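K.L.:
To start, I am sharing the structure in question, which I have written as structure tokens.
The values are calculated or read from the model by the stated rules, or taken from the named source; none is laboratory data. Everything numeric here is computed off the predicted structure, so don't read it as measured data. No Cβ is skipped: glycine too gets one built from the backbone with ideal geometry, and neighbour counts run over all protein chains shown. Surface areas here come from the heavy atoms of the whole protein model, side chains and all, with no ligands, DNA or RNA. Shrake-Rupley method; radii C 1.70, N 1.55, O 1.52, S 1.80 Å.
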Amino acid sequence: QVQPVESGGGLVQPGGSLRLSCAASRTAFSIYGIYWYRQAPGKQRELVSSISNKGDQFYTDSVKGRFRISRDNARNMAYLQMNSLKPEDTAVYYCNLKHFGVDDWGQGTQVTVSS
């Protein structure tokens, strides 16, 4: 089983926070790029944030200043801290690991932002 496992989703009010976790089982976790995608109903899957094996980070414009990606290579974990959540952040969030032919996807975790 090499599929990463996401957790931490749920229902939150606008302005609230959630921290998503991604648990990976592959060895040499540190070599992988970590990507967080999301897919809202009726929309295409979009890249939200990523962190390279060197720590370089990317954020899509709509989440800059609100979301923060991190990784803990010692624990084979990655995180997406989401603050100041908006209704338009509602989606299923997926963790993805990539490195030279490896493209592992989790099952996703639902995030719903609603009052």
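K.L.:
Being open to solvent by less than 50 Å² (accessible area, probe 1.4 Å) and hydroxyl-bearing (Ser, Thr, Tyr) is the filter; apply it to the range 95-115 and report the residue that is nearest to Ser25 (Cα to Cα).
P.N.:
First pass over the range 95-115, keeping only residues open to solvent by less than 50 Å² (accessible area, probe 1.4 Å): 95-97, 102, 104, 106, 108-109, 111-113.
After this cut, where a residue has to be hydroxyl-bearing (Ser, Thr, Tyr) as well, the list is 109, 112.
On the way: Thr109: 18, Thr112: 27 Å.
Among those residues, the one meeting the criterion is Thr109.
K.L.:
In the range 24-55, which residues are open to solvent by 40 Å² or more (accessible area, probe 1.4 Å), among the small types (Gly, Ala, Ser) and touching a residue at least 40 places away in the same chain (Cβ under 8 Å)?
P.N.:
Residues satisfying the conditions are Ser25, Ser30.
K.L.:
Then there is this: Can you tell me which residue among Gly8, Gly33 is more than 15 Å from Val111 (Cα to Cα) and in contact with a Ser or Thr (Cβ under 7 Å, 6 or more places away or on another chain)? So that I can check it myself, show each step before the final result.
P.N.:
On the way: Gly8 fails: more than 15 Å from Val111 (Cα to Cα).
Step by step, each of Gly8, Gly33 is checked, and only Gly33 is more than 15 Å from Val111 (Cα to Cα) and in contact with a Ser or Thr (Cβ under 7 Å, 6 or more places away or on another chain).
K.L.:
Considering each residue of the range 6-23, count those that are open to solvent by less than 50 Å² (accessible area, probe 1.4 Å) and either under 16 Å from Lys98 (Cβ atoms) or hydrophobic (A, V, I, L, M, F, W, C) (or both), and give that number. Working first, answer last.
P.N.:
Filtering the range 6-23 down to residues open to solvent by less than 50 Å² (accessible area, probe 1.4 Å) leaves 6, 8-10, 12, 16, 18, 20-23.
Those still in the list that are either under 16 Å from Lys98 (Cβ atoms) or hydrophobic (A, V, I, L, M, F, W, C) (or both) too: 6, 12, 18, 20, 22-23.
Result for the range 6-23: 6.
K.L.:
Suppose we filter the range 5-52 for residues that are within 15 Å of the chain's Cα centre (by Cα) and part of a loop (DSSP other than H, G, I, E, B); how many remain? Show your work before the answer.
P.N.:
Residues of the range 5-52 within 15 Å of the chain's Cα centre (by Cα): 5-10, 17-24, 32-40, 45-52.
Add one more test, that the residue is part of a loop (DSSP other than H, G, I, E, B), and what stays is 8-9, 17, 24, 32, 40, 45, 52.
Number satisfying all stated conditions: 8.
K.L.:
Given the condition basic (Lys, Arg), more than 14 Å from the chain's Cα centre (by Cα) and over 15 Å from Val5 (Cα atoms), answer yes or no: does some residue in the range 73-85 qualify?
P.N.:
As a first pass, look at the range 73-85 and keep what is basic (Lys, Arg): 75.
After this cut, where a residue has to be more than 14 Å from the chain's Cα centre (by Cα) as well, the list is 75.
If we keep only those that are over 15 Å from Val5 (Cα atoms) too, we end up with none.
No, that holds for no residue.
K.L.:
Surrounded by 16 or more Cβ atoms within 10 Å (Cβ to Cβ), under 14 Å from Leu18 (Cα atoms), at pLDDT 95 or above and under 11 Å from the mean Cα position of the chain (by Cα): is that true of Val92 in this structure? Spell out how you get there, then give the answer.
P.N.:
Working: surrounded by 16 or more Cβ atoms within 10 Å (Cβ to Cβ): yes; under 14 Å from Leu18 (Cα atoms): yes; at pLDDT 95 or above: yes; under 11 Å from the mean Cα position of the chain (by Cα): yes.
So Val92 passes the test.
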